[in-house]
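The values are calculated or read from the model by the stated rules, or taken from the named source; none is laboratory data. As the structure is a prediction and not an experimental result, all values here were calculated from the model. Counting neighbours? That spans all protein chains shown, and the Cβs are built from the backbone with ideal geometry, glycine included. We work out accessible area using only protein heavy atoms, side chains counted, and drop any ligands, DNA or RNA first. Shrake-Rupley method; radii C 1.70, N 1.55, O 1.52, S 1.80 Å.
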Amino acid sequence: CHLENLSTRDGILQAKTEMFDHLQVDGTVILNGDDDKLSTKKEVNGKPVIFYGVGADSAFDIKKDIYATDIENHGLEGMCAKIHTPQGDFDAKIPIPGEHNVYNALAGTEVGLQLGLSIREIAQGIASVQTIAGRTNLLHVKGMTVIDDCYNANPVSMKASIDVLAHTSGRRIAVLGDMGELGAEEKELHRSIGKVVAASGIDALFCAGTLAEEYAREAKANPECEVHYKKTREEMTEELLAYVKEGDTVLVKASHFMEFPKVVEALTKE
């Protein structure tokens with residue numbers, strides 16, 4: 001995200017790590033060691049960075065202080081993984097769907113350890129985590145499951161959300177809008193999401209927006225995926241409401257400016 005203003009991923013890295021210049025002397029930096037950019041930040045203020053990731057081995061020249069193995073995807077029920085730490089290993093039950101939440105659990109584990117929590121306390125905290133509106137928030141209404149993930153969107157989070165949808169049951173419907181702040185490559189990045197939709201095996205795509213037409217164009221490569229494109233959110237919502245039925249799982253996601261919470265409101269209105 002933010003490529004429009006920061007030009008490259010290196011530009012994003014530079015902007016995101018400006019906070020290190022204001023870190024307290026005894027502060028600790030905890031980073032995703034599986035990220036090709038973040039893994040280059042091995043030391044801050046003369047203090048080693050703590051890295052986490054999936055699997056003990058690294059594709060980069062770093063050592064992961066904590067890592068996850070034995071990952072199981074249970075669809076909307078969430079994820080399970082074994083988390084390995086210097087203080088001991090534990091089985092984590094993550095009640096939020098999506099493999100990306102294994103990374104969030106790893107980050108939270110390391111923060112907990114830094115603050116003196118026990119392994120037991122950390123495991124309990126992960127098991128009790130809850131989502132908030134717009135962030136993989138599961139709504140059960142009218143016999144449907146609505147995945148409200150429309151707080152914001154970028155190519156990475158969009159792919160993660162489509163993967164969550166692909167692991168659900170019933171008729172799987174993606175409702176997607178434009179992603180903002182992507183700069184010169186915005187059309188190609190939207191096309192890449194259309195390709196993800198086509199490959200995911202989901203049943204239908206509803207999309208709206210200026211750039212969302214790129215989703216539709218690429219998604220049609222899979223003839224088993226029904227594709228519905230409208231220029232406006234209002235037109236798309238009207239068609240969507242006539243389409244959905246009991247048993248459906250519906251993902252709603254777009255950048256904030258698209259105002260897709262109004263789509264969630266329409267789907268869940270009694």
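Inside region 56-70, can you point out the residues that are in contact with a helix residue (DSSP H, G or I) (Cβ under 9 Å, 6 or more places away or on another chain), of a type outside the set (Ser, Thr, Tyr) and assigned to a strand (DSSP E or B)?
Within region 56-70, 66, 68 qualify.
Hey, among the residues in region 7-35 that are in contact with a Ser or Thr (Cβ under 9 Å, 6 or more places away or on another chain) and assigned to a strand (DSSP E or B), which one's surrounded by the most Cβ atoms within 10 Å (Cβ to Cβ)?
Per the criteria, the residue is 31.
Across region 126-144, what is the number of residues that are closer than 16 Å to residue 83 by Cα and open to solvent by 40 Å² or more (accessible area, probe 1.4 Å)?
Taking region 126-144 and keeping what is closer than 16 Å to residue 83 by Cα, we get 126-127.
In the following step, the residues that additionally are open to solvent by 40 Å² or more (accessible area, probe 1.4 Å) were identified as 127.
Counting residues in region 126-144 that are closer than 16 Å to residue 83 by Cα and open to solvent by 40 Å² or more (accessible area, probe 1.4 Å) gives 1.
For residue 150, which of the numbered conditions (1) farther than 23 Å from residue 244 by Cα; (2) at pLDDT below 95; (3) within 14 Å of the chain's Cα centre (by Cα); (4) surrounded by 14 or more Cβ atoms within 10 Å (Cβ to Cβ) fails to hold?
(1)
Output the residues belonging to region 36-55 that are open to solvent by 20 Å² or more (accessible area, probe 1.4 Å), touching a helix residue (DSSP H, G or I) at 6+ places or on another chain (Cβ under 9 Å) and under 19 Å from residue 14 (Cβ atoms).
Those that are open to solvent by 20 Å² or more (accessible area, probe 1.4 Å), touching a helix residue (DSSP H, G or I) at 6+ places or on another chain (Cβ under 9 Å) and under 19 Å from residue 14 (Cβ atoms): 36, 37, 38, 40, 41, 45.
Can you run down the residue pairs with Cβ atoms below 7 Å, 6 or more apart or on separate chains, where the first is in region 1-14 and over 13 Å from residue 155 (Cα atoms) and the partner is modelled with pLDDT under 75?
Filtered contacts from region 1-14: 12/2; 12/6.
For region 71-103, how many residues are within 11 Å of residue 54 (Cα to Cα) and in a loop (DSSP other than H, G, I, E, B)? Please lay out each step first, then the result.
Narrowing region 71-103 to residues within 11 Å of residue 54 (Cα to Cα): 71, 81-84, 99-100, 102-103.
Imposing the further condition that a residue be in a loop (DSSP other than H, G, I, E, B) reduces the set to 99.
Going through region 71-103 one residue at a time, the tally reaches 1.
Table: residues versus (1) within 27 Å of residue 170 (Cβ to Cβ); (2) touching a Ser or Thr at 6+ places or on another chain (Cβ under 6 Å); (3) at pLDDT 95 or above.
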site	(1), (2), (3)
82	no, yes, yes
91	no, no, yes
110	no, no, yes
126	no, no, yes
133	yes, no, no
137	yes, yes, no
145	yes, yes, yes
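Any residue in region 125-148 that is within 11 Å of residue 267 (Cβ to Cβ) and without any contact (Cβ under 8 Å) to a residue 60 or more places away in the chain sitting within a Cβ distance under 9 Å of a residue that is among the aliphatic types (A, V, I, L, M) and part of a loop (DSSP other than H, G, I, E, B)? List the pairs, counting only those 6 or more apart or interchain.
As it stands, the answer is none, since no pair meets every condition given.
When region 228-242 is examined, which residues are found to be over 11 Å from residue 260 (Cα atoms), part of a helix (DSSP H, G or I) and more than 24 Å from the chain's Cα centre (by Cα)?
Across region 228-242, the qualifying residues are 235, 238, 239, 241, 242.
Restricting the search to region 243-270, which residues are assigned to a helix (DSSP H, G or I), among the charged types (D, E, K, R) and farther than 22 Å from residue 168 by Cβ?
Keep residues of region 243-270 that are assigned to a helix (DSSP H, G or I), which gives 243, 256-258, 261-268.
Narrowing the set further to residues that are among the charged types (D, E, K, R) leaves 262, 265.
Answer for region 243-270, where residues must be assigned to a helix (DSSP H, G or I), among the charged types (D, E, K, R) and farther than 22 Å from residue 168 by Cβ: just 262.
When the residues of region 104-117 are narrowed to those that are open to solvent by less than 60 Å² (accessible area, probe 1.4 Å) and touching a residue at least 24 places away in the same chain (Cβ under 8 Å), which ends up farthest from residue 52 (Cα to Cα)?
113
Which one of these is touching a residue at least 24 places away in the same chain (Cβ under 8 Å) and open to solvent by 70 Å² or more (accessible area, probe 1.4 Å): 204, 199, 221? Give the steps one after another, and end with the answer.
Numbers: 204 fails: open to solvent by 70 Å² or more (accessible area, probe 1.4 Å); 199 fails: touching a residue at least 24 places away in the same chain (Cβ under 8 Å).
Criteria check complete, one pass: 221.
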